[in-house]
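Computed from the coordinates by the stated procedures, all read-outs in this text should not be read as laboratory data. Only a predicted model underlies this, so the values are computations on that prediction, with no experimental measurement involved. Note: ideal-geometry Cβ built from the backbone for every residue, glycine included; neighbour counts use all protein chains shown.
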Amino acid sequence: MSRETAEASCMRLALEDVLKAREARARLQQQWLGQYGQTMVSVTLVWPGEIKDTPLARRVMAEANEAINQSLLKHRWPVTRHETDFLCTGPEARWSISSPAWMIKHVMAHLEDNHPLGRLWDIDVFCPTSGLLKRSAIHQPMRRCFICHEPAHVCSRMRRHSQNELAQVIEDLTYDYFSGQH
């Protein structure tokens, strides 16, 4: 077990904590876009519930980091800076990359859709001039709910699935993935 995984806080959070973390992340994203003037990739986890920093969440983020780094290397896209933070509000990672945002968005959407853990990753790609690139900008469909396959944002907004139901799906998905590794 890595040091990062061993030190997970496992703290219960209030909605206010999550909202403050979202605001801080947005400020940091703007800072990076201004400082580097390059495409930025920002990753968080789709991790329902009031405990966001767990050993399992950290393992899932480590897999996201590995998959994204491998994709960037494969495409020979130069990374100016990469950071991962393990916060009580959940792990976050970001990259500043000297390549066109739309190309990177295609590859990141492919990772979200095709990696066995990709459904648990929320990978945002920002263009230094036009901001957040949505899937529709690259003619990709919206993400689907991993329980009922309806548009994910609708299920999330309507709280269509219980925390227990979501937790069970995540537990099954991660168990299948990590038990299959050697």
| Binning every alpha carbon pair distance of the range 77-167 at 10 Å from zero, what are the percents per bin? | 13, 41, 35, 11, 0
| query | Taking LYS20 as the anchor, which lysines have their alpha carbon closer than 22 Å to its alpha carbon, excluding any fewer than eight residues away along the same chain? | reply | LYS52
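Order of ARG135, ARG59 from fewest to most other C-beta atoms within 10 Å? It would help to have the intermediate numbers written out before the result.
Working: ARG135 17, ARG59 20.
The fewest-first ordering by Cβ neighbours comes to ARG135, ARG59.
Hydropathy at least 1.6 by Kyte-Doolittle, axial extent at least 27 angstrom from the Cα trace: which helices of the chain, defined as entire DSSP H runs, fit? Spell out each step's value before the answer.
Numbers: long enough: 15-36 (31 Å, -0.90); 55-74 (28 Å, -0.18).
Once both thresholds are applied, nothing remains.
Across the chain, where is the longest run that never hits GluC sites (Glu not before Pro) in a DSSP loop with at most 15 other C-beta atoms within 10 Å?
Longest run free of exposed loop sites: 51-182.
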| message | Given the -39500 (n - 2.57) contribution per DSSP H run of 4+ residues, what per-residue ellipticity at 222 nm results for the chain, rounded to the nearest 500 deg cm²/dmol? | response | -15000 deg cm²/dmol
| For the chain, Cys with no neighbouring Cys Cβ under 4.7 Å | CYS10, CYS88, CYS127, CYS148
| request: At 4 °C and 1.567 mPa s, grab the translational diffusion coefficient of the chain from Stokes-Einstein with a Kirkwood Rh over Cα pairs, rounded to a whole number in µm² per second. | output: 76
